[in-house]
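The values are calculated or read from the model by the stated rules, or taken from the named source; none is laboratory data. What you see is a predicted model; the values in this text were computed from it and never measured. Note: ideal-geometry Cβ built from the backbone for every residue, glycine included; neighbour counts use all protein chains shown.
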Amino acid sequence: MKILRTLVVGLLIWFFGVLAFSISFYLPILENVELQANLVLLVLVPPIVWLGSWLYYKKGLQYHGLLSGFAFFAIATLMDILITVPVLIIPYGGSYYQFFTDIIFWGIGLEFITTTFFYWSINVKVKSKSLFNQSKES
């Protein structure tokens, strides 16, 4: 696994996720803006992770999608521990416990992993199989 590439892509995914989460507070549609922000994140994480997966795999890497998805989620979780919770959650009355026991957090984690896996399954695994089959036929 390319550690630097994984780290950069994981940080980009985390950054755009936090950006979407933060911006959604300024567009109050629902009465409960925290729920609204989480719902926005649930909707936007798949395209953000898909784009991150595209960036990660575009250089021809073949690492399994589950491994990459877990790595991206682990990086985002570490950034949540170091930055998101202390800067965006605790000052507004939240806590680490509240943040990490929220079912939506784990749903978003599942989205990270499954989106990366699906990207890999569709765009990497399939192409590597077809290339393998072509070389056998030659």
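Give the residue that is nearest to F99 (Cα to Cα), with candidates limited to residues of segment 23-60 that are of a type in the set (S, T, N, Q) and under 16 Å from the mean Cα position of the chain (by Cα).
Here is the first cut: in segment 23-60, the ones of a type in the set (S, T, N, Q) are 24, 32, 36, 38, 53.
Imposing the further condition that a residue be under 16 Å from the mean Cα position of the chain (by Cα) reduces the set to 38, 53.
Details: N38: 11, S53: 25 Å.
Taking the candidates together, the pick is N38.
Per-residue answers, yes or no, for (1) within 23 Å of N123 (Cα to Cα); (2) part of a helix (DSSP H, G or I); (3) of a type in the set (D, E):
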| residue | (1), (2), (3) |
| --- | --- |
| R5 | yes, yes, no |
| G10 | yes, yes, no |
| L27 | no, no, no |
| E31 | no, no, yes |
| L39 | no, yes, no |
| W54 | yes, yes, no |
Q) Looking at (1) surrounded by 13 or more Cβ atoms within 10 Å (Cβ to Cβ); (2) in contact with a Phe, Trp or Tyr (Cβ under 8 Å, 6 or more places away or on another chain), which is the only condition W54 fails? A) (1)
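Inspect segment 19-36 for any residue being touching a Ser or Thr at 6+ places or on another chain (Cβ under 9 Å) and modelled with pLDDT of 95 or more and give the result as yes or no.
No - not one qualifying residue is present in segment 19-36.
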Q.
It is to be established whether one or more residues within segment 12-20 are over 18 Å from V85 (Cα atoms) and without any contact (Cβ under 8 Å) to a residue 24 or more places away in the chain.
A. no
Q) Restricting attention to segment 65-85, does a residue exist that is closer than 16 Å to G107 by Cα, in contact with a Leu (Cβ under 6 Å, 6 or more places away or on another chain) and free of Cβ contacts under 8 Å to residues at least 40 places away in the same chain? A) no
Q) Out of all the residues in segment 81-91, is one or more closer than 15 Å to I13 by Cα, crowded, with 17+ Cβ neighbours inside 10 Å and within 12 Å of the chain's Cα centre (by Cα)? A) no
